[in-house]
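The values are calculated or read from the model by the stated rules, or taken from the named source; none is laboratory data. Computed from a prediction, not measured in an experiment: that's the story for all the values here. Neighbour counts run over all protein chains shown; Cβ positions are idealised from the backbone, glycine included.
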Amino acid sequence: MENQIIVGEAVAGKTATLRKRIMALAQDLNQNTFDLAEAFFQAQESHCYLEWGFDSLGEYASLELGIKHRKAQYLSRIVRVCREVGVARVDYEPVGVTKLREITSLDPQGTFFNTETKQHESLTDHIVRLVAEAPENSSIEVEEEVKRLKGQLGENAMVTKSYSVTKSCYENTIQRCFEAVRRRLGSAGRDGTGQAKEYSDGAVLECLCAEYLSDPRNFYEEEDESAVQIEAPSEDANVNVARDSCGTGGTPVSVDSEEDPQDTLRSRQSLYVVPTE
């Protein structure tokens, strides 16, 4: 029992020291980016943010450090993925955060199907290659290669759209609706740390639109006029129409011919067209 208390105190001391170190590094994020990334990785792996009273690393970084949730997550991921594929910090640090963030969005456990060789290729090898080639490639080139490896080209290319709504509309309608859909969809799997992932806003929006389009009640049916029968005019009607067109009364109407009556032709005047230079 005494040994358990000593071990517990030692662990608590380490987590307290890590917390102080993270707070010190966060004071100068630009200078200490990769040191902070490694510290975030340690906090993520040990889940010590739970001892600090937070549900996730992102929540801790946002509320205590003023660092955005996503930034803390991708900094930790950079370190984790690079370690997993065997790339040392001395090799990946010169690449820069922007390119590394894109490269490490690939799953080291995943594969890429090469349509030319008809073979599955390990994404680990591609991650190592991209990190090695990144200093010579632009950010756009790195981004395009990552898209290719994810299969996000052609019809599968990702499209970003932005819409503006009022604050009350987002909080009272959109956000509540998205949360309800996520509860129905459940978990989108596990991330690299083993935590459950939520479906993205894009996935939720796709689900809502697909459900709307699949309900025929949301569409007005056009009237089918193919079965409507048109009665042919009788011979007496043709005679009466012909009499009317000769000036016996009524409005001149041609039934048997598409040509215009002579009176109409005489009254027409050709438009004067001004020639262009």
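Inclusion of Arg182 among residues that are touching a helix residue (DSSP H, G or I) at 6+ places or on another chain (Cβ under 7 Å) and either at positive phi or not assigned by TED's automatic domain parsing to the domain that holds Phe41 (or both) is warranted.
Filtering the range 157-164 for residues that are surrounded by 13 or more Cβ atoms within 10 Å (Cβ to Cβ) and free of Cβ contacts under 8 Å to residues at least 60 places away in the same chain leaves an empty set. Examine the range 160-167 for a residue that is within 17 Å of Gly202 (Cβ to Cβ), out of contact with any Pro (no Cβ under 9 Å at 6 or more places or on another chain), aliphatic (A, V, I, L, M) and not in a helix (DSSP H, G or I), and state whether such a residue exists. Yes, because at least one residue in the range 160-167 is within 17 Å of Gly202 (Cβ to Cβ), out of contact with any Pro (no Cβ under 9 Å at 6 or more places or on another chain), aliphatic (A, V, I, L, M) and not in a helix (DSSP H, G or I). Just wondering, is there one or more residues in the range 69-79 that are surrounded by fewer than 17 Cβ atoms within 10 Å (Cβ to Cβ) and more than 17 Å from Ala196 (Cα to Cα)? No. Being among the basic types (Lys, Arg), under 24 Å from the mean Cα position of the chain (by Cα) and either outside any helix (DSSP H, G or I) or modelled with pLDDT under 95 (or both), is that true of even one residue in the range 172-180? Yes, because at least one residue in the range 172-180 is among the basic types (Lys, Arg), under 24 Å from the mean Cα position of the chain (by Cα) and either outside any helix (DSSP H, G or I) or modelled with pLDDT under 95 (or both). Only one of the listed residues (Thr104, Thr124) is β-branched (Val, Ile, Thr), within 27 Å of Glu198 (Cβ to Cβ) and under 23 Å from the mean Cα position of the chain (by Cα). That residue is Thr104.
Among the conditions (1) out of contact with any Gly (no Cβ under 8 Å at 6 or more places or on another chain); (2) loosely packed, with under 15 Cβ neighbours inside 10 Å; (3) modelled with pLDDT under 95, the only one that Asp91 does not satisfy is (3).
Is one or more of the residues making up the range 136-154 exposed (fewer than 10 other Cβ atoms within 10 Å of the Cβ), in a loop (DSSP other than H, G, I, E, B), hydroxyl-bearing (Ser, Thr, Tyr) and more than 21 Å from the chain's Cα centre (by Cα)? There is no residue in the range 136-154 that is exposed (fewer than 10 other Cβ atoms within 10 Å of the Cβ), in a loop (DSSP other than H, G, I, E, B), hydroxyl-bearing (Ser, Thr, Tyr) and more than 21 Å from the chain's Cα centre (by Cα).
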